[in-house]
Amino acid sequence: MDFTFTDEQKMFRDTVYRYGRDEIAPLCEEADLKGEFSFEIWKKLADMGLLGLPFPEELGGSGADVVTCCLAGEALGHAGVDGGSLLAWGAHTYLCACNIFSFGTEEQKKKYVPKLASGEWIGCMGLTEPGAGSDAASMRTTAVKKGDRYVLNGSKTFITNAPLANVFVVFATIDKAKKHEGITAFIVEKGTPGLETGQPFHKMGCKCSSTSEVFFEDCEVPEENLLGGENGGWMIALSGVEWDRSTLISPFLGASIYGLELCGRYANERHQFNRPIRKFQAVQGRIADMKVFIEAARLAIYRVASSKDNGQMLNPMQAAVNKVYAGDVGFEMASEAVQIFGGYGFMQEYPVERNFRDARLAAIGGGTSDIMRMIVSRIMLM
Amino acid sequence: MNYEFTEEQKKLQQDVAAFCIKEIAPEAQKLDEGPREEVCKLMERNLKKLGKAGFLGAGLEGAAIDLIDCYIAGEEITKACASTYISARSSVFMCGGILKLFGTPEQMKRFLPAIMKAEMIGALAYTEAEAGSDIASVSTTARKDGDVWVLNGVKDVVANAIIADVLLVLARMEKGAGSEDGMSLFIVEKGARGLDINDSLETMGLRGVPVSVVKLENCEAKEIVGGEPGKGYEQLERILKMGTVGIVSFCVGVGTSCMEKATQHAKAKKSSGKPIGLYQGVGFKLADMFTYNDLGRMLGLRAAWAMNEGENDADILGSCAKLFAGESATKIANLAMQVFAGHGYIKGTDIERLYRDARFGEICEGPSEIQRTIIANNELDKFM
């Protein structure tokens, strides 16, 4: 048992934090108000090497372990970088590029990973459909083999980065009768005839990520773009879980730390009834609960991340616990932060307002809290 | 970074668990229900069994206290019988721990090995009617009379007092007693003149733990822990900070029992032909029990690790863990009761007992309100 980060990991976290605070966070308020993806922020993330963090150097990455990737996400959230930009990063690096890196052929890796790692190309992953959310195995997008090509038909929704993406990792079924066992993954490039993306959705939070539907109409994909072989898609979708439930959650942890710091400063400065509001136990209670949440969520996230780094089998209960706790309680804590700020917390110029909207996603994206409880309870009842 | 137990830690966990299931768990209900005198005898026997098996002093054998071992043993003993753990902890960790940390070599030699084998039972008497979380307002006094100190005052809710061979008593030093107005922990042995232990307190839960009011009327004490007067407050504070780890192990132990029993029930009990656990109303309660219990354990072990390693924020992590696990234990016991419904409301059932036992975690040794104040002020001071 050892809960410590290495000196290298700590140094990296501090460097990313300072960079995020000084270079990126100042851009976020305006980008969030516009509700648009920011190429300026994207370039900053790329310049720091963050978009290719987990990939080996020969593929243009930094060779970071999962714990380090989580530390980067935490540090950026802590620095005040908005949830949307970090979601765009997560979907790009962990959902798209990581899947190509883990399941792609040598050719596929060489072709896609370096350009994704540098940020020249933007990546996305398409799993969810209008009629297949938590029940992803019921997807209706089909792929039919025709000579040396697969023809895709169907649609995807809530696809982060889709409106900007150059590379789409897409799941479709080649045999509906086989249910999840027929699901197959493909790499589809922007500009492929029959591939269309919808208008970006207007979202409650994480506004700086661009999210839309994706449509396939007789979209022909060459067979060399098959990812992980026929019927290998479900395995790919499931194997992303440890990335999903550690690296994609870590920015939310960082945002909670940021929120606690904002509240800590405000509670010292703000006076009512002739004393700083920190003197009121109702305020103290919220501060304490935020701190406890941060410590518990931190343990849950880095337990998932370090087990992957240590080559241990992912414990699905640990991954689900992390997701449900960070999602549900993280949002409660973001709400308490708004409460400490009172009327100011309701104003868009205060980052706790943005944190509150952004935090709502953690209990929804990548498996809802309900699904997490379903996973945990089913294993308990086995 | 690695969250797994070492092989030695795993072995300790397995050994304590196997022993306690066989030797301790069967007595849990008797300890809850039995008449006072029988309960005391049974508890002494339980402590002796644990002592003989070598598990009572887990974590205290080495040169320094190993709080991870303390945690591991604590959770397993609690799973078998919550009362037994709290009684064991009061003796070995609270009383023995103070002696280990601050006692003179002679005091350690005289008491510690005996306490770890339960040849002697210890108690720690500090709370008073008007001095709970606010220890500084203790009013029990100590005055010097020749070679000895003479104690006067009343200590409230003292665990183990009636079965104790040695009590550590916190008292304020009177003029001329050395370290004026400071506090000291006095070693008072069973049968000391002026020591009056009234065994009249009936508790809601943890009924196997004898809890008493201790009256000191010109009670003679020959020794101070460590020999130097005026250190009592700091010594007590230290053991209470480290003690958060044990309370977390208690909370998680109770939580685990609740969760395991509720899970078994949800598998076996059917409604409209299907196990009730398959209904989300029940299944999701099980999931929440698991989540809060699991995170409570991680926080407890994290705090234990931090204290072992001497990390700067170790005490705050202890407070976070105690706050979280204390409130979680109440929540989990409540959910378990709900899963059992009427079947858990019956006297003599495990859930009925655990529900009462669980409530202790949130109120003992710095209730949740105090932990929140400590944690919040620590955070808020960073931004002054």
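The values are calculated or read from the model by the stated rules, or taken from the named source; none is laboratory data. Quick caveat: nothing in here was measured; it's all calculated off a predicted structure. Glycine gets a Cβ as well: all are built from the backbone with ideal geometry, and neighbour counts include every protein chain shown.
Just to verify a result, which residue in the range B:180-202, among those that are in a strand (DSSP E or B) and of a type in the set (Asp, Glu), is surrounded by the most Cβ atoms within 10 Å (Cβ to Cβ)?
Applying the filter and picking the extreme gives B:GLU189.
Given A:PHE273, A:PHE216, which one is surrounded by fewer than 17 Cβ atoms within 10 Å (Cβ to Cβ) and outside the structural domain of A:ASP65 (by TED's automatic domain parsing)?
Only one candidate qualifies: A:PHE273.
Just for the range A:289-317: of the residues that are among the polar types (S, T, N, Q) and buried (at least 21 other Cβ atoms within 10 Å of the Cβ), which one is farthest from A:MET382 (Cα to Cα)?
A:SER306
What is the one condition in (1) aliphatic (A, V, I, L, M); (2) at pLDDT 95 or above; (3) crowded, with 18+ Cβ neighbours inside 10 Å that B:ALA177 does not satisfy?
(2) is the only condition that B:ALA177 fails.
So that you can scan it fast, the table gives a plain yes or no per residue for (1) touching a residue at least 40 places away in the same chain (Cβ under 8 Å); (2) more than 14 Å from chain B (Cβ to nearest Cβ):
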| position | (1), (2) |
| --- | --- |
| A:SER306 | yes, no |
| A:ASP309 | yes, no |
| A:VAL321 | yes, no |
| A:GLU336 | yes, no |
| A:GLU349 | yes, yes |
| A:VAL352 | yes, yes |
| A:ASP358 | yes, yes |
| A:MET374 | no, no |
| A:ILE379 | yes, no |
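When the range B:258-312 is examined, which residues are found to be closer than 17 Å to B:PHE340 by Cβ, under 22 Å from the mean Cα position of the chain (by Cα) and more than 10 Å from chain A (Cβ to nearest Cβ)?
Within the range B:258-312, just B:CYS258 meets the criteria.
If we only count helices (runs of 4 or more DSSP H) wholly inside the range B:1-88, which ones have 3 or more residues that are among the acidic types (Asp, Glu) and in contact (Cβ under 8 Å) with a residue 12 or more places away in the chain?
B:67-80
Does B:LYS267 satisfy being in contact with a Pro (Cβ under 6 Å, 6 or more places away or on another chain) and free of Cβ contacts under 8 Å to residues at least 60 places away in the same chain?
Yes.
Quick check on my filter: what residues within the range B:313-326 are more than 9 Å from chain A (Cβ to nearest Cβ) and in contact with an Asp or Glu (Cβ under 6 Å, 6 or more places away or on another chain)?
B:GLY326
Taking the range A:344-382 as the region of interest, how many residues are more than 28 Å from B:GLN280 (Cβ to Cβ) and of a type in the set (A, V, I, L, M)?
2
Out of curiosity, is A:TYR266 more than 8 Å from chain B (Cβ to nearest Cβ), part of a helix (DSSP H, G or I) and of a type in the set (Phe, Trp, Tyr)?
yes
Within the range A:89-120, how many residues are part of a helix (DSSP H, G or I) and farther than 28 Å from A:GLY367 by Cβ?
7
Among B:LEU112, B:LEU124, B:LEU151, which is the only one that is touching a residue at least 40 places away in the same chain (Cβ under 8 Å) and part of a helix (DSSP H, G or I)?
B:LEU112
Of these, B:GLY191, B:GLY208, B:GLY227, which one is over 29 Å from B:ASN46 (Cα atoms) and either in contact (Cβ under 8 Å) with a residue 12 or more places away in the chain or not acidic (Asp, Glu) (or both)?
B:GLY227
If a residue must be touching a helix residue (DSSP H, G or I) at 6+ places or on another chain (Cβ under 9 Å) and either surrounded by fewer than 13 Cβ atoms within 10 Å (Cβ to Cβ) or not in a helix (DSSP H, G or I) (or both), how many such residues does the range A:10-32 contain?
Here the count works out to 3.
Taking the range A:1-20, which residues are of a type in the set (Val, Ile, Thr) and more than 20 Å from the chain's Cα centre (by Cα)?
A:THR4, A:THR6, A:THR15
Conditions (1) closer than 24 Å to A:LYS323 by Cα; (2) touching a residue at least 60 places away in the same chain (Cβ under 8 Å), marked per residue:
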site	(1), (2)
A:SER250	yes, yes
A:ILE257	yes, yes
A:ALA267	no, yes
A:HIS271	no, no
A:ARG275	no, no
A:GLN284	no, no
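Looking at B:ALA306, B:ALA321, which is the one that is assigned by TED's automatic domain parsing to the domain that holds B:ILE239 and touching a residue at least 60 places away in the same chain (Cβ under 8 Å)?
B:ALA321
So which helices (runs of 4 or more DSSP H) stay within the range B:334-384 end to end and still have 2 or more residues that are within 14 Å of chain A (Cβ to nearest Cβ) and either surrounded by fewer than 19 Cβ atoms within 10 Å (Cβ to Cβ) or touching a Phe, Trp or Tyr at 6+ places or on another chain (Cβ under 8 Å) (or both)?
B:368-380
Provide a single number: the residues in the range B:127-144 that are more than 24 Å from B:THR244 (Cβ to Cβ) and in contact (Cβ under 8 Å) with a residue 60 or more places away in the chain.
Within the range B:127-144, residues that are more than 24 Å from B:THR244 (Cβ to Cβ) and in contact (Cβ under 8 Å) with a residue 60 or more places away in the chain number 2.
Does the range A:135-149 contain any residue that is closer than 27 Å to A:LEU361 by Cα, free of Cβ contacts under 8 Å to residues at least 12 places away in the same chain and within 22 Å of the chain's Cα centre (by Cα)?
Looking through the range A:135-149, at least one residue is closer than 27 Å to A:LEU361 by Cα, free of Cβ contacts under 8 Å to residues at least 12 places away in the same chain and within 22 Å of the chain's Cα centre (by Cα).
Applying the selection to the range A:346-376, what residues are in a helix (DSSP H, G or I) and over 25 Å from the mean Cα position of the chain (by Cα)?
Hit for the range A:346-376 is A:PHE346, nothing else.
Looking for whichever is assigned to a loop (DSSP other than H, G, I, E, B), surrounded by 24 or more Cβ atoms within 10 Å (Cβ to Cβ), touching a Cys at 6+ places or on another chain (Cβ under 8 Å) and of a type outside the set (Phe, Trp, Tyr) here; the options are B:GLY246, B:GLY208. Which one fits?
Testing whether each residue is assigned to a loop (DSSP other than H, G, I, E, B), surrounded by 24 or more Cβ atoms within 10 Å (Cβ to Cβ), touching a Cys at 6+ places or on another chain (Cβ under 8 Å) and of a type outside the set (Phe, Trp, Tyr) leaves just B:GLY208.
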